[in-house]
Amino acid sequence: MYVRRLKDVLIYTPQHSELYLKLETTMPLVSCVILDLDGTLLNTDDIVNDVLNVFMGKYGKKWDGSGSHIIAGKGPLEAAGDIIQDYELACTPEELISEITPLFSDRWCNIKALPGANRLIKHMNDHGVPLALASNSSRSSVNTKISYHQGWRESFSVIIGGDEVRMVKPSPEIFLEAARRMNVEASRCLVIEDSLPGVTAGKAAGMAVVAVPSLPKQSHLYNSADEIVNSLLDLQPEKWGLPPFQDWIEGTLPIEPWYIGGPVIKGYGRGSKFLGIPTANLSTEGYSTTLSEHPSGVYFGWAGLLTRGVYKMVMSIGWNPYFNNTEKTIEPWLLHDFDGDFYGEELRLAIVGYIRPETNFPTLERLKEKIHEDGKIAEKALDLPMYMHLKSAPYLTDSSQLNEHHTSPIHH
Ligand code: RBF
Ligand code: MG
């Protein structure tokens, strides 16, 4: 039982330009899924960064998150050792761990599931696809973390922590042990992983591996994965012989609505000039958490301009690979002809669905075409009752709805 599929391979030429190749590979159909926890199902990055920042403060140093790649996917001891070496700290890995453990203890309950995590777990459960959880974190820390997420504990037929195997990822041991306990061959397992050590471990175990890189702009490092997806929302289980998701509607995926707003700012000024697509960019100030919680990609929903009304909207959150931006931006395109611009006006957004990941395009023309296609998809989908009803969310038109509550759902 094999599926033939095209694998995207990204190669960096000596001139640092990107070259995509399609290779035909044959992959075995899988029958079960092994999931990583930190960075794959749970948004642990922000909390780890916060805690390390507090800890570093004691040593008169600063952890700004740019060191995240040093520790991603590593076991606690190894990660601690690397931090100590990199930041020239005068302590042992054991001391570092025992100092930061209490800093984590009241934070476990605040770790959010990553977008698509609950959907994936429920989907596999509903279809009787066995799930395992294999994490480099200790078993007790895994247990604590998942205890705050309803239904997770019961969803996994196997759970293994890094302290329950001799060698943690990148050793294949933890995945092989998961397969053994599920009583399936390694080649029939699909591993989903956010980190490089995890991807390496999965391939070394002879498994199919989908990478969901949690650090931006790192995907070129994940060449050994069988597929790289931008977020769990983009996973296509049918590529691996698993049941497909059935919740896409007219090219859109409904999401838990979220809300942001603020004055319209000037963007890079390319929208109208190059593309004929005037986006009403929002300042990302104060939204770093919101932005880190939502994968880059194309979303849609309703846009309220307090003095004018509510309009259909399609937007991009992202790094704009075509322009190689260094900052994540929010760029809503209001699907309506306005006279003049609206810089400085208060803009309120209700984001109700997802369309696609952000991608690179060979030409500006192709990017433009795609954005117009996104606009058509959003325009049509927003007439569906499930999306339409959010047009009347008070947040969109009511200036007394405080902006600081932007991320909590505002019901009507
Ligand atoms: N930029 C990209 O580089 N890749 C994309 O896939 C992409 N999709 C977009 C989708 C929509 C609906 C919008 C409004 C913009 C998108 N952009 C994308 C961003 C576009 O490059 C940006 O608006 C211009 O750079 C203006 O700043
Ligand atoms: Mg991970």
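The values are calculated or read from the model by the stated rules, or taken from the named source; none is laboratory data. Remember, it's a predicted structure, so these values are computed and weren't measured experimentally. All Cβ positions, even for glycine, are placed from backbone atoms using ideal geometry, and neighbour counts span all protein chains on display. The protein model used for the area step is the full one, side chains on, heavy atoms only, and it has no ligands, DNA or RNA in it. Shrake-Rupley method; radii C 1.70, N 1.55, O 1.52, S 1.80 Å.
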Of everything in segment 53-69 that's assigned to a helix (DSSP H, G or I) and under 24 Å from Tyr222 (Cβ atoms), which residue is least open to solvent (accessible area, probe 1.4 Å)?
Ser68
For His220, all conditions in the list (1) modelled with pLDDT of 90 or more; (2) not assigned by TED's automatic domain parsing to the domain that holds Ala393 hold save one; what is the number of the exception?
(1)
Failed item in (1) over 28 Å from Gly128 (Cα atoms); (2) assigned to a strand (DSSP E or B); (3) of a type outside the set (Gly, Ala, Ser); (4) at pLDDT 85 or above, with Leu19 passing the rest
(4)
Look at His123 and say whether it is assigned by TED's automatic domain parsing to the domain that holds Asp45, within 21 Å of the chain's Cα centre (by Cα) and farther than 15 Å from Val48 by Cα.
yes
Restricting segment 171-216 to residues that are small (Gly, Ala, Ser), open to solvent by 20 Å² or more (accessible area, probe 1.4 Å) and part of a helix (DSSP H, G or I), which is nearest to ligand 2 (Cβ to nearest atom)?
Ala204
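Given the options Gly301, Gly353, Gly309, Gly340, name the one that is surrounded by fewer than 20 Cβ atoms within 10 Å (Cβ to Cβ) and at pLDDT 85 or above. Spell out how you get there, then give the answer.
Numbers: Gly301 fails: surrounded by fewer than 20 Cβ atoms within 10 Å (Cβ to Cβ); Gly353 fails: surrounded by fewer than 20 Cβ atoms within 10 Å (Cβ to Cβ); Gly340 fails: at pLDDT 85 or above.
From the options Gly301, Gly353, Gly309, Gly340, the qualifying one is Gly309.
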Just for segment 361-404: of the residues that are in contact with an Asp or Glu (Cβ under 9 Å, 6 or more places away or on another chain) and open to solvent by less than 60 Å² (accessible area, probe 1.4 Å), which one is nearest to ligand 1 (Cβ to nearest atom)?
Phe361
Residues to consider are Glu99, Glu78, Glu88, Glu94; find the one that is among the charged types (D, E, K, R) and within 16 Å of ligand 2 (Cβ to nearest atom).
Glu78
I need every pair where a residue in segment 101-116 that is farther than 25 Å from Gln236 by Cα has its Cβ under 8 Å from the Cβ of a residue that is part of a loop (DSSP other than H, G, I, E, B), sequence separation at least 6 or different chains.
Trp108/Tyr148; Cys109/Tyr148; Ile111/Asn43; Ile111/Thr44; Ile111/Tyr148
